[in-house]
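**Q** Shown below is the structure under consideration.
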């Protein structure tokens, strides 16, 4: 690789195209009750039919549908009530022609019954006769075996994140243990001689270690297990030793490098000195976030992401490049397209960054039924604009800018309750 | 309360209007590293300025801006380099007229310097003179003390859920411990003689306990702490005893009642028999979800939500009524409006439910740049339509239906990575 190639900015798409190179983490088995948010490692065919029997979905009477044909208020049909089906039990007898059994919602239909007449269209007479005032079609007010899920059907392909309703259906199927990907372990380093732990009062010229907290919380929010590895001074040997130690027990290494050119160069040199290190990207055509580094390090070819020093830059790089990298490691199938599903209208003109994709923080606001995206501007050294924002809007490469009123996709930072 | 009033369906809005009646859970103190997703219990004014000193945001030279006025490539200004400011340290000397010090990004500016000239607009001469080819304005390429956050400023009002960037800013402010609301503890009961534990093979007529798993996972997804309290048989004393025991250590009780009228009546009687019990709603004008019960029980006036037996109904009631109830208990300020921020176009006509708000499961699909909502229909006894869906669309009360192509708000079930 020549020095010239080395310093060419790579596009976001080029960086994302490197991710399939990294292997997803290993697999573990968990209880269904602990599987919320976990990523299924293998496709899961249904082990049985749900429901497993013909089930009433209304309170009423199990009938042979043919016995009710032509029934009306003026000309009801009459059936003989032969008892009832207790909840959770097998019916004691079948339904013969002209017969019926009471069935509560959720109960099993007796043999030969193929529909349920709802309570409100009937009357019980003192002699044990049922008056039926409406006909039912076969299959009406019942669920057939396998109507919800058929045995062998694959409702859960591998690589999907499990949601509450997924757990509900898996419970119904009797799936109590699941093969899921491990949650990726992420080592989070800060570097910089000016950085002090957050519990300390910084001396003049020093600042607290905010970037590591921000990045670690993003990792946790996205399903990873972050470990704060502390602050490393701007020193080649210290950096190299700290990073090398993390190769042992991390699936991804994040280092929030210094913001000065000198500190960044030092970080780069330390990364290059790691075993089997290869720099895959150094400089990405995004704003903020240009000084990002992506490397592959160690015998297991782990990904290492070097984040810019400015907090807003680091947070944007995490959203734009860190999140899809974590998704890859977590075993999620298919990268989500940038931007998600929220569309809003820009409340002012935005100029783009020539030669780079521009990521603008926005706050969402509803006015007169329209969802507006208000840009929240400010230098990337500030944290408060991020705190005041709900998400990011991208100005694509080669676009001079976006106009007030234009519909834009907004990538939300987080959904919340 | 007369029997007549008792059976009148309440609207969703009427039920939501009862929630301010319930008190949020108590407060606890947590470490910043454990505060992601927690709800701040009190407004948090900034304890200090961020940054705390005049800080360079570019690599370059700290100058008195006035010394650079008029500088150009053709007619540069010349300054005397008096040394440099090390990262994280206090500058050893001020900048006098005609002087400058090297400053890396993030370093403190020396006294009397009020701007940074970027490296690329300068050249160092061997005699220790700096050639400046562009003027800077006062304040250029620096952050002023308090420019990010001013001491006393309230960026975090009480009742907000903490996101990664919030933790980043709190770290910068040195806030290591936080007063947050406890996570609400939610006791989840199933009832029904037909229900068996998920690890068991149901006999014909029996089904596994899927609703409790679904509801518990929703609670966990929304920040509560669910406890699966198991299956209670359709028996008044057993139900009453089980529910009464939960009053001791829960903030909210959920009971997934039987789906038959008889089982629901039994559940209602057991709820009424609890100490200080008051039924606040019995029947809600939503579809699915009509047989919902809201009660206040026990000396602490805890909320109890009785869910319908059909799984899709229970899941919808949890989204529509359970989630805002949990939000109230969790201390979140201001109920989120129904529907969230995603707008899609309906891919087919939908008929409404006369006299009830109708909640229709939809799957989202992007085609030709348009986001479509495909209704996923099916009886509410099924789980698979929920699994195939991304969210819910509401057909409002009094609306006959929605037309194909109409823009509708979609409430997403979950965001995911």
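The values are calculated or read from the model by the stated rules, or taken from the named source; none is laboratory data. The structure presented is a predicted model; accordingly, all values stated were derived computationally and were not measured. Cβ: placed from backbone, ideal geometry, glycine included. Neighbour counts: every protein chain shown.
**Q** Listed residues B:186, B:154; which is crowded, with 22+ Cβ neighbours inside 10 Å and away from every other protein chain (no Cβ under 11 Å)? Before the answer, list the steps.
**A** Values: B:154 fails: crowded, with 22+ Cβ neighbours inside 10 Å.
On inspection, the qualifying residue turns out to be B:186.
**Q** Which strands (runs of 3 or more DSSP E) sit wholly inside the stretch A:70-176 and have at least 1 residues that are over 30 Å from residue A:222 (Cβ atoms)?
**A** Numbers: elements: A:77-84, A:99-103, A:115-118, A:122-124, A:129-132, A:154-156.
Of the strands (runs of 3 or more DSSP E) lying wholly inside the stretch A:70-176, those with at least 1 residues that are over 30 Å from residue A:222 (Cβ atoms) span A:77-84, A:99-103, A:115-118, A:122-124, A:129-132.
**Q** Let me ask something else about it. State yes or no: is residue A:340 assigned to a loop (DSSP other than H, G, I, E, B) and in contact with a strand residue (DSSP E or B) (Cβ under 7 Å, 6 or more places away or on another chain)?
**A** It is true that residue A:340 is assigned to a loop (DSSP other than H, G, I, E, B) and in contact with a strand residue (DSSP E or B) (Cβ under 7 Å, 6 or more places away or on another chain).
**Q** Same structure, new question: Which one of A:46, A:56 is within 9 Å of another protein chain (Cβ to nearest Cβ), under 28 Å from residue B:288 (Cα atoms) and either within 34 Å of the chain's Cα centre (by Cα) or in contact (Cβ under 8 Å) with a residue 60 or more places away in the chain (or both)? Reasoning before the result, please.
**A** Numbers: A:46 fails: within 9 Å of another protein chain (Cβ to nearest Cβ).
Just one listed residue meets the conditions, A:56.
**Q** Right, residue B:311: under 24 Å from residue B:226 (Cβ atoms), facing chain A (nearest Cβ under 8 Å), crowded, with 18+ Cβ neighbours inside 10 Å and over 24 Å from the mean Cα position of the chain (by Cα) or not?
**A** On the way: under 24 Å from residue B:226 (Cβ atoms): yes; facing chain A (nearest Cβ under 8 Å): yes; crowded, with 18+ Cβ neighbours inside 10 Å: yes; over 24 Å from the mean Cα position of the chain (by Cα): yes.
So residue B:311 passes the test.
To keep it simple, each residue is scored yes or no on (1) surrounded by 14 or more Cβ atoms within 10 Å (Cβ to Cβ); (2) at negative phi; (3) touching a strand residue (DSSP E or B) at 6+ places or on another chain (Cβ under 7 Å).
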position: B:55; (1), (2), (3): yes, yes, yes
position: B:63; (1), (2), (3): yes, yes, yes
position: B:68; (1), (2), (3): yes, yes, yes
position: B:74; (1), (2), (3): no, yes, no
position: B:77; (1), (2), (3): yes, yes, yes
position: B:89; (1), (2), (3): yes, yes, no
position: B:95; (1), (2), (3): yes, yes, yes
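**Q** Separate question: Any chance the stretch B:345-353 includes a residue that's within 28 Å of the chain's Cα centre (by Cα) and assigned to a strand (DSSP E or B)? Walk me through how you get there before you give the answer.
**A** Let us first name the residues in the stretch B:345-353 that are within 28 Å of the chain's Cα centre (by Cα), namely B:345-346.
The next check asks that each one be assigned to a strand (DSSP E or B); those that pass are B:345-346.
The answer is yes; a qualifying residue exists.
**Q** Moving to a separate point now. Just to verify a result, which residue in the stretch A:212-229, among those that are more than 7 Å from chain B (Cβ to nearest Cβ) and part of a helix (DSSP H, G or I), is farthest from residue A:39 (Cα to Cα)?
**A** It comes out as A:212.
**Q** Looking at the stretch A:59-91, which of its residues are free of Cβ contacts under 8 Å to residues at least 60 places away in the same chain and at the interface with chain B (Cβ under 10 Å from one of its Cβ atoms)?
**A** Of everything in the stretch A:59-91, those that are free of Cβ contacts under 8 Å to residues at least 60 places away in the same chain and at the interface with chain B (Cβ under 10 Å from one of its Cβ atoms) turn out to be A:85, A:86, A:87, A:88, A:89, A:90, A:91.
**Q** Suppose we filter the stretch B:378-394 for residues that are out of contact with any helix residue (DSSP H, G or I) (no Cβ under 7 Å at 6 or more places or on another chain) and surrounded by fewer than 21 Cβ atoms within 10 Å (Cβ to Cβ); how many remain?
**A** Qualifying residue count, the stretch B:378-394: 2.
**Q** Could you tell me whether the stretch B:258-270 includes any residue that is modelled with pLDDT of 95 or more, in a strand (DSSP E or B), surrounded by fewer than 22 Cβ atoms within 10 Å (Cβ to Cβ) and more than 14 Å from every other protein chain (Cβ to nearest Cβ)?
**A** Within the stretch B:258-270 (the criterion being modelled with pLDDT of 95 or more, in a strand (DSSP E or B), surrounded by fewer than 22 Cβ atoms within 10 Å (Cβ to Cβ) and more than 14 Å from every other protein chain (Cβ to nearest Cβ)), the answer is no, since none of the residues qualifies.
**Q** Looking only at the stretch B:316-330, decide whether some residue is closer than 28 Å to residue A:152 by Cα and assigned by TED's automatic domain parsing to the domain that holds residue B:277. Reasoning before the result, please.
**A** Applying the first criterion (closer than 28 Å to residue A:152 by Cα) to the stretch B:316-330 yields B:316.
Pick out the ones that are also assigned by TED's automatic domain parsing to the domain that holds residue B:277 and you get B:316.
Yes, the conditions are met somewhere in the stretch B:316-330.
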